[in-house]
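> Have a look at the structure that comes next, please.
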Amino acid sequence: MRISTSMQFETQLYYMQQANSRVDEASKQYNTGLKFQQAGEDPSGMSQKIKYTADTSAYKQYQVNAGLAADALSQSETALGSLWDVLSSVKVRLQQAVNGTMDKNSLDAIAEDLEQARDQIFDLMNTKNAEGEYIFAGAVSDQPAMTITSDGHYVCQADGSTRKVQVSPTVTVQTTDSALNIFENVELAHEFAVTAPGGAAADCQITNYDDYVELYDSLYDPTQGYDPANGINTITFTVNADGTFTAHGPAAAVGEPRKVLGTGELTDTGKLEFKGMVVECGNPPVAGNYDSELEHPEKGNILNVINDAIAVLRDETISNEERAEQMAQAQINVQNAMDNYDMYRGQIGARAANIDTIIASDEALGLVKQTAQANVTEIDAYEAVSNLMQEQLALQVAQQVYSVVHQSNLFDYI
């Protein structure tokens with residue numbers, strides 16, 4: 001085989017170019033810390049890199065979402081906590097108003113305190129977040145959750161919808177609660193009315209709501225309506241001419257016998273007193289059946305309850321007994337509102353605690369994905385240095401060989 005000078009040059013040049021390319025590749029890996037940068041260099045590795053990059057980005061977004069959710073829940077919990085504190089103060093004022101020795105100035109002062117508390121509650125119900133959204137307004141977050149009409153009545157205009165945020169591949173967390181559920185659907189104290197024999201309304205009142213509520217809860221059947229003729233959801237007091245009475249509970253169904261709740265005697269002034277209820281039966285008493293409906297529980301918001309209490313406190317025509325009854329009823333409503341707010345605050349706190357766990361989990365899983373990606377795409381620093389030195393040495397040797405080979409010519413052999 002004949003070897004020409006040009007072939008020697010081309011062959012040696014090819015080997016030096018290859019050695020120089022390997023030096024460039026090793027240098028690139030050393031400088032970037034990456035095993036490859038293009039899919040052609042490692043198709044399988046690039047496929048894994050894309051997958052791990054997507055997973056890492058997703059977990060970073062989950063952490064952002066979880067952080068935003070934690071902030072939203074913290075704000076809601078703080079607002080409800082403040083509402084609970086204000087209502088505690090309102091309850092104390094209502095208890096003070098029951099005192100029959102208070103004069104007009106004292107009652108006006110309590111009413112003024114209640115007005116201030118009402119306005120503070122209204123403001124807290126319309127709490128905004130950093131973006132200017134009403135946090136309790138439901139889907140329509142650009143409108144206040146609670147509004148006031150021209151006649152001073154408070155209305156909830158929030159819907160029952162809530163917002164949720166995805167904080168992990170399989171977990172979503174509710175970040176908002178609607179005023180419709182928290183503030184508007186507070187169960188109000190049960191009303192008490194009595195129909196006297198002949199169909200007229202009898203004068204009556206509740207003097208002990210705890211006793212009455214306990215009795216109501218044990219007797220009321222929410223699956224049935226009001227049917228006094230058959231004793232459905234009805235307490236009947238049968239008053240006798242001699243001043244004695246018998247209290248019958250509701251019938252379980254039409255035609256079923258009615259349980260006797262108790263018996264007693266009217267007071268000297270003709271009043272029937274039973275389980276916190278007081279009914280005027282006349283003196284001498286009007287004999288017959290006095291029916292009291294176990295009404296379906298009503299719901300409303302505490303702002304209107306406070307408004308009604310303020311009106312009662314400023315009404316000079318109301319007797320001390322009537323005022324005491326209204327204040328006692330308002331206290332029940334306030335306590336129900338506090339219980340409702342506390343329940344939602346507990347739910348929000350539970351979600352917030354869960355968020356903390358999820359944030360830690362997202363951070364750990366995100367780090368696992370980053371580590372897996374690094375194992376696929378990043379080169380060990382010592383390995384990169386070793387590869388670079390090895391390829392540089394190979395290039396140096398190729399250059400030396402090239403120089404030695406091309407110093408010889410045919411005249412050296414003659």
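FYI, it's all coordinate maths here, none of it is from the lab. From a predicted model like this one, the values you see are computed outputs, not experimental measurements. Cβ: placed from backbone, ideal geometry, glycine included. Neighbour counts: every protein chain shown.
> Let me check the size of the stretch 229-357 from its C-alpha atoms; what are the radius of gyration and Dmax in Å?
20.9, 71
> Still on this structure: Can you work out ³J(HN,Hα) from phi for every residue in the stretch 264-281, in order, using Karplus 6.51 cos²θ - 1.76 cosθ + 1.60 and θ = phi - 60°, giving whole Hz and x for Gly and Pro?
x, 10, 5, 6, 4, 9, x, 9, 9, 10, 7, 6, x, 9, 10, 10, 7, 10
> Sticking with this one: What residues have an amide H closer than 5 Å to that of Leu261, excluding those fewer than 5 places away on the same chain, when H is modeled at 1.01 Å from N in the peptide plane?
Ala247, His248, Gly249
> Right, here's the next one. Order these peptides, 133-142, 283-292, 147-156, by their mean beta-carbon neighbour count within 10 angstrom, highest first.
Per-residue mean Cβ counts within 10 Å order the peptides as 133-142, 283-292, 147-156.
> Note down the relative contact order for the stretch 194-296 as a percent, whole number, built from C-alpha pairs under 8 angstrom at least six residues apart.
35 percent
> Also: Quick one: if the Förster radius is 45 Å, what FRET efficiency do Thr162 and Val213 give, using the C-beta to C-beta distance and rounding to 0.05?
Between Thr162 and Val213 the formula returns 0.90.
> I would also like to ask the following. Could you run the Karplus curve 6.51 cos²θ - 1.76 cosθ + 1.60 with θ = phi - 60° over the stretch 215-224 and give me ³J(HN,Hα) per residue in whole Hz, x for Gly and Pro?
Calculated HN-Hα couplings, in order: 5, 4, 4, 7, 10, 5, 10, x, 7, 10 Hz.
> Let me ask something else about it. Of Gln166, Gly138, Phe192, which is farthest on the positive side of the dipole of the stretch 85-196, counting Cα position, with +1 on Lys and Arg Cβ, -1 on Asp and Glu Cβ, and the Cα centre as origin?
Farthest along the dipole direction, towards plus: Gln166.
> What are the residues whose amide H is under 5 Å from the amide H of Val194, where those residues sit 5 or more places off or on another chain and H is modelled from the backbone?
Residues meeting the criterion, in which the H sits 1.01 Å from N, are Ala202.
> Work out how far the C-alpha atoms of the stretch 194-296 reach from end to end along every principal axis, then list the three figures in whole Å, largest first.
So the three principal-axis extents are 39, 29, 22 Å.
> Out of residues 5 or more away from Leu188 or on other chains, whose amide H comes under 5 Å of its own, with H placed 1.01 Å from N in the peptide plane?
Glu298, Lys299, Gly300
> Using the Karplus curve 6.51 cos²θ - 1.76 cosθ + 1.60 with θ = phi - 60°, what ³J(HN,Hα) values do you get for each residue of the stretch 327-341, in whole Hz, with x for Gly and Pro?
Residue by residue, the stretch 327-341 yields 5, 5, 5, 5, 4, 4, 5, 5, 5, 4, 5, 4, 5, 5, 5 Hz.
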